[in-house]
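Colleague: This is the structure, below, for whatever I ask next.
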Amino acid sequence: MNNRTGAHATVWTYLKVALVLTGVTILEVGSIYIRQLTPIIVPLLLVMSAAKFALVVLFFMHLRYDSRVLTLLFCGPLLLASSIAIALMTLTGAFLVFGR
Amino acid sequence: MTRVERRHRAPLAGHPRSAPAPWVLATASWLTTVDHKRIGILYGVTAFAFFLLGGLEALVIRLQLAAPGAHVVSAGTYNALFTMHGTTMVFLAIMPLNAAFFNYMVPLLIGARDVAFPRLNALSYWIFLVGGLFLNASFLAGTPPDVGWFGYANLTSKQFSPTQGVDFWLLSLLILGVSSMIAAINFIVTILNMHAPGMRLMRMPVFVWMTLVVQFLIVLAFPPITVGLIFLMFDRFFSTHFYDVAAGGDLHLWQHLFWIFGHPEVYILILPAFGIVSEVLPTFARKPLFGAPVVIYSGVLIGFFGFGVWSHHMFAAGMGPVADAAFSVATMLIAIPTGVKIFNWLATLWGGTIRATTALHFAVGLVGLFTIGGLSGIMHASPPVDLQQTDSYFVVAHLHYVLIGGSLFGLFAGAYYWWPKMTGRFLDERLGKLNFWILFAGFNTTFFPQHYLGAIGMPRRIYTYAEATGWTLWNAVSTVGAFGIAAGVLVFMVNAWRSLRAGAPAPADPWDGRTLEWRTSSPPPPHDFDTIPPILGRDTFWREKYGPRGVPPAPAHERIHLPAPSHWPVVVGLGMAVSAVGALTHGTIVLVGALVTVVGIFRFALEHHRTPAHAHQIGGLGLDHRKVAMWVFLGSECFLFGTLIATYLAYRGKSVVGPEPHEILNIPLTTISTFDLLMSSLLMVLALAAVERDDRRQARLWLFGTAFFGLIFLGFQAWEFTQFVGEGLTLQRNLFGSTFFVLTGFHGGHVTVGVVWLLSLWLLDLRGRLGATDAVKVEVAGLYWHFVDVVWIVIFTLVYLIP
């Protein structure tokens with residue numbers, strides 16, 4: 001296997017990641033019930049969701065320890081898809097920026 | 001002697017010059033072939049047949065337009081003709097003709113013996129054949145599609161297209177998309193992971209580079225059109241509201257989804273021709289390609305920027321001035337890397353020792369004709385100009401200059417260039433030049449006047465016109481030219497037939513070529529190369545022949561493993577065909593077809609589970625082919641789910657009637673199911689760790705646990721769906737119902753596939769057929785499973801949590 005760092009996640013690492021994922025999920029759900037967070041709820045949820053996404057991809061999918069080629073093969077399309085999705089939503093008025 | 005070797009001792013019935021085999025053996029041999037060269041021939045012959053069919057449709061179109069008020073065909077038939085002509089030429093002719101060259105030449109050009117997944121390669125061909133036949137079966141059913149090759153909503157809705165023509169069209173495109181995706185993943189892995197040692201990326205021939213860019217375009221551009229077609233299918237079959245304006249839907253959504261695919265598609269069509277020209281010109285100018293790295297980088301830039309210009313097909317759709325301006329600028333920018341190529345090609349010819357072969361004629365023809373098409377294209381990049389030109393014959397002229405003058409001329413150049421390698425025979429050069437000049441004259445006679453016709457106001461897609469318009473003369477000229485094109489194609493067919501029957505024999509290197517395919521015999525043996533060639537740099541074969549260094553010693557004799565023939569690709573293709581027929585006839589037939597498909601896939605997947613040569617498939621990157629393929633697939637899945645999620649968010653709050661999300665979504669329950677899915681990912685990594693250390697007990701425990709947690713998630717989802725239906729939210733209720741159920745339903749479908757996959761691995765383990773050597777199979781399944789998990793992380797936040 002072409003490991004970038006030569007390391008391999010241990011079972012304990014996986015358990016820690018699972019604990020963090022559980023904790024962040026609890027925080028996510030809890031935050032929608034805290035009225036004071038309403039002004040920042042959307043970016044807050046997006047950041048937490050992105051953090052969970054990254055943890056699963058980096059550790060469970062092993063991308064942190066694997067070849068950079070695989071990182072490019074996944075992250076390139078991910079970024080492009082996200083950009084196009086945002087553009088599509090903008091063009092169809094989801095953000096009411098370029099309303100027709 | 002192994003089973004594989006014994007199979008390959010059978011006579012090669014497919015080689016046109018070998019001793020003929022009995023017709024049954026020969027047919028079976030072609031039906032079960034996994035040899036990239038024979039699959040390339042299958043693609044080429046099939047695509048050429050569809051090309052002739054598309055050409056006939058074009059001739060009828062031109063006959064109808066030859067004179068005002070003509071009655072060659074009715075208006076309805078005319079609509080079907082231009083729809084089928086466009087769809088056939090794009091999806092059944094040009095794309096698979098490109099695929100013919102990908103299949104035959106790419107492994108040879110990179111010094112490989114075959115593609116990464118030979119059986120998948122065969123599967124992609126048979127699925128293509130199914131899609132092409134299914135589309136044309138619409139003629140037999142009396143309901144060919146008549147909505148244009150772009151199928152704009154809501155003309156495609158049940159209300160305005162009640163017959164099954166649109167159903168044939170959308171189902172066949174979905175099938176063809178599967179074929180293209182499979183092939184694209186295969187070629188990406190092949191190019192990245194199977195090149196000969198020493199062939200670094202920048203040493204690869206430009207045709208291989210263009211092929212690589214095209215495969216990435218396919219993998220990333222097809223998911224959006226797949227989603228768009230799924231929305232259309234659901235609207236037509238299940239009365240959803242994706243393109244239902246009265247329910248809050250947006251017809252622009254179809255246009256966006258179509259052109260997010262459609263613009264990269266035009267680069268999918270043209271870049272292979274650019275690659276062919278980049279091989280042909282240096283050979284017949286006896287000079288290296290001028291600025292080869294720049295040509296490569298410009299190809300990559302074209303591919304990348306191609307995703308950012310799609311709405312230049314929508315300047316007349318009313319997006320607004322800011323959007324128009326942004327896409328206009330992007331479109332003008334993308335002309336720069338294309339122009340760079342033109343100058344590089346001209347510089348390649350400049351000062352070269354020119355051999356004016358037919359292949360060179362077509363390549364130079366491409367350079368000139370594509371430039372003309374590009375000039376009209378840059379006019380379209382300006383929205384105010386485009387408002388005059390769009391939907392007129394000016395656009396028809398532009399697209400045919402780039403697609404015939406570009407793609408088709410490039411394909412002919414490739415045919416004349418590589419025919420000796422593929423057949424061991426030359427095409428006749430005199431007939432070849434006659435072919436070129438008749439085609440060149442016919443093409444320009446047909447399409448150059450159409451610039452003028454468009455400029456004086458002739459719209460597209462009209463089946464007749466009045467004499468008073470003044471369009472008669474140039475329509476008549478254009479029709480004469482169309483028959484000139486037909487004559488040119490006929491000359492090629494005569495040339496090909498004569499060559500196959502009694503053409504002059506061709507040696508291994510008839511053109512004094514520069515690249516690796518000329519290093520092996522014409523045609524190549526089944527194993528492509530007796531020994532893997534040394535790589536001395538770009539144009540490696542040229543360096544080997546004329547370079548200053550001596551040729552390095554050939555590597556020690558290696559045992560060559562050739563992939564065994566397989567009938568499972570045909571079975572899977574047949575299953576898909578039956579399912580498609582069932583979709584238009586009776587649901588039971590869909591189930592039968594699906595059963596055949598699923599059984600075929602299982603048998604396909606397990607066919608070589610215990611073949612020793614298949615245990616390790618490590619390539620030049622030091623990575624297993626299957627792992628690279630899965631990551632590429634997951635990249636495409638980002639586009640699939642990105643499109644579904646973007647549509648959900650774009651439509652949020654636009655439902656005309658309730659219920660709304662906040663009235664019905666059960667966040668506490670979904671939190672539990674989300675936790676369940678997250679934990680299943682933990683179990684999956686524990687399962688993989690157990691398999692890697694050959695701990696059979698723990699492997700079985702965690703594999704089953706993962707699948708079980710997946711089933712729990714599906715149970716929660718089924719309960720949720722049932723509750724929602726009971727509370728009045730259905731697919732058909734409102735826009736929220738349509739988008740929610742399709743998004744979460746497709747995710748659930750992915751979970752289901754994952755559960756079946758994991759249970760299959762668990763059953764293999766129970767039967768003692770999953771060991772440490774199979775860890776990569778579990779790893780690949782795990783990657784898929786974790787991706788399904790991260791998609792749900794995004795859906796949970798965007799759909800359930802964000803107010």
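The values are calculated or read from the model by the stated rules, or taken from the named source; none is laboratory data. Predicted, not measured: the structure shown is a model, and the values here were computed from it. Here the Cβ positions follow ideal geometry from the backbone for every residue, glycine too, while neighbour counts run over all protein chains shown.
Colleague: Please determine, by comparing only the residues of the range B:243-277 that are farther than 24 Å from B:V213 by Cβ and away from chain A (no Cβ under 12 Å), which one is surrounded by the most Cβ atoms within 10 Å (Cβ to Cβ).
Modeller: If we filter the range B:243-277 for residues that are farther than 24 Å from B:V213 by Cβ, which is where we start, we get B:243-255.
From the residues that got through so far, the ones that are away from chain A (no Cβ under 12 Å) too are B:243-247.
On the way: B:Y243: 24, B:D244: 22, B:V245: 12, B:A246: 7, B:A247: 20.
By that ranking, first place goes to B:Y243.
Colleague: While we're looking at this one, here's another question. What's the number of the only condition in (1) free of Cβ contacts under 8 Å to residues at least 12 places away in the same chain; (2) crowded, with 17+ Cβ neighbours inside 10 Å; (3) within 26 Å of the chain's Cα centre (by Cα); (4) within 14 Å of chain A (Cβ to nearest Cβ) that B:I618 fails to meet?
Modeller: Of the numbered conditions (1) free of Cβ contacts under 8 Å to residues at least 12 places away in the same chain; (2) crowded, with 17+ Cβ neighbours inside 10 Å; (3) within 26 Å of the chain's Cα centre (by Cα); (4) within 14 Å of chain A (Cβ to nearest Cβ), the odd one out for B:I618 is (2).
Colleague: Considering only residues that are basic (K, R) and part of a loop (DSSP other than H, G, I, E, B), look in the range B:108-160 and name the one that is surrounded by the fewest Cβ atoms within 10 Å (Cβ to Cβ). Before the answer, list the steps.
Modeller: We begin by selecting, within the range B:108-160, every residue basic (K, R); these are B:113, B:119, B:158.
Those left that are additionally part of a loop (DSSP other than H, G, I, E, B): B:113, B:158.
Details: B:R113: 22, B:K158: 14.
Per the criteria, the residue is B:K158.
Colleague: While we're here: Name, by its number, the condition in (1) assigned to a helix (DSSP H, G or I); (2) touching a residue at least 12 places away in the same chain (Cβ under 8 Å); (3) more than 20 Å from B:G635 (Cβ to Cβ) that does not hold for A:G30.
Modeller: Condition not satisfied by A:G30: (2).
Colleague: Tell me which of these B:A580 doesn't satisfy, since it passes every other one: (1) part of a helix (DSSP H, G or I); (2) closer than 25 Å to B:H195 by Cβ; (3) touching a Phe, Trp or Tyr at 6+ places or on another chain (Cβ under 8 Å).
Modeller: (2)
Colleague: Now for a different question. Quick check on my filter: what residues within the range B:42-60 are among the β-branched types (V, I, T) and buried (at least 20 other Cβ atoms within 10 Å of the Cβ)? If you could, list the steps in order and put the result at the bottom.
Modeller: First pass over the range B:42-60, keeping only residues among the β-branched types (V, I, T): B:45-46, B:60.
Residue satisfying the conditions is B:T46 alone.
Residue-wise test of (1) modelled with pLDDT under 95; (2) within 28 Å of A:L44 (Cβ to Cβ).
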| position | (1), (2) |
| --- | --- |
| B:Q732 | no, no |
| B:V751 | no, yes |
| B:L761 | no, no |
| B:A772 | yes, no |
| B:A775 | yes, no |
| B:V788 | no, yes |
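Colleague: Just to be sure before I move on: is A:A94 at the interface with chain B (Cβ under 7 Å from one of its Cβ atoms), at pLDDT 95 or above and within 17 Å of B:T647 (Cα to Cα) in the structure I sent? Step through it out loud before you land on a result.
Modeller: Working: at the interface with chain B (Cβ under 7 Å from one of its Cβ atoms): yes; at pLDDT 95 or above: no; within 17 Å of B:T647 (Cα to Cα): yes.
No; evaluated as a whole, the condition is false for this residue.
Colleague: Just wondering, is there one or more residues in the range B:242-250 that are outside any helix (DSSP H, G or I), in contact with a Gly (Cβ under 6 Å, 6 or more places away or on another chain) and either modelled with pLDDT of 95 or more or of a type in the set (S, T, Y) (or both)?
Modeller: yes
Colleague: Hey, another quick one. Return yes when B:G737 is away from chain A (no Cβ under 14 Å), within 30 Å of B:V657 (Cβ to Cβ), surrounded by fewer than 17 Cβ atoms within 10 Å (Cβ to Cβ) and modelled with pLDDT of 95 or more and no when it is not. Steps first, please.
Modeller: Values: away from chain A (no Cβ under 14 Å): yes; within 30 Å of B:V657 (Cβ to Cβ): yes; surrounded by fewer than 17 Cβ atoms within 10 Å (Cβ to Cβ): no; modelled with pLDDT of 95 or more: yes.
Considered against the rule, which asks whether it is away from chain A (no Cβ under 14 Å), within 30 Å of B:V657 (Cβ to Cβ), surrounded by fewer than 17 Cβ atoms within 10 Å (Cβ to Cβ) and modelled with pLDDT of 95 or more, B:G737 comes out as no.
Colleague: If you check B:V742 against the conditions, is it within 14 Å of chain A (Cβ to nearest Cβ), buried (at least 21 other Cβ atoms within 10 Å of the Cβ) and within 31 Å of the chain's Cα centre (by Cα)?
Modeller: No.
Colleague: Within the range B:81-92, is there a residue that is small (G, A, S) and either surrounded by 21 or more Cβ atoms within 10 Å (Cβ to Cβ) or in contact with a helix residue (DSSP H, G or I) (Cβ under 6 Å, 6 or more places away or on another chain) (or both)? Quick ask: steps written out before the conclusion?
Modeller: Here is the first cut: in the range B:81-92, the residues small (G, A, S) are B:86.
Okay, now just the ones that are also either surrounded by 21 or more Cβ atoms within 10 Å (Cβ to Cβ) or in contact with a helix residue (DSSP H, G or I) (Cβ under 6 Å, 6 or more places away or on another chain) (or both), so none.
No, the range B:81-92 contains no residue that is small (G, A, S) and either surrounded by 21 or more Cβ atoms within 10 Å (Cβ to Cβ) or in contact with a helix residue (DSSP H, G or I) (Cβ under 6 Å, 6 or more places away or on another chain) (or both).
Colleague: Does the range B:622-637 contain at least one residue that is of a type in the set (F, W, Y), within 14 Å of chain A (Cβ to nearest Cβ), farther than 16 Å from A:V57 by Cβ and buried (at least 19 other Cβ atoms within 10 Å of the Cβ)? First the steps, then the outcome.
Modeller: Just the residues of the range B:622-637 that are of a type in the set (F, W, Y), to begin with: B:631, B:633.
The next check asks that each one be within 14 Å of chain A (Cβ to nearest Cβ); those that pass are B:631, B:633.
Those left that are additionally farther than 16 Å from A:V57 by Cβ: none.
No, every residue in the range B:622-637 fails to be of a type in the set (F, W, Y), within 14 Å of chain A (Cβ to nearest Cβ), farther than 16 Å from A:V57 by Cβ and buried (at least 19 other Cβ atoms within 10 Å of the Cβ).
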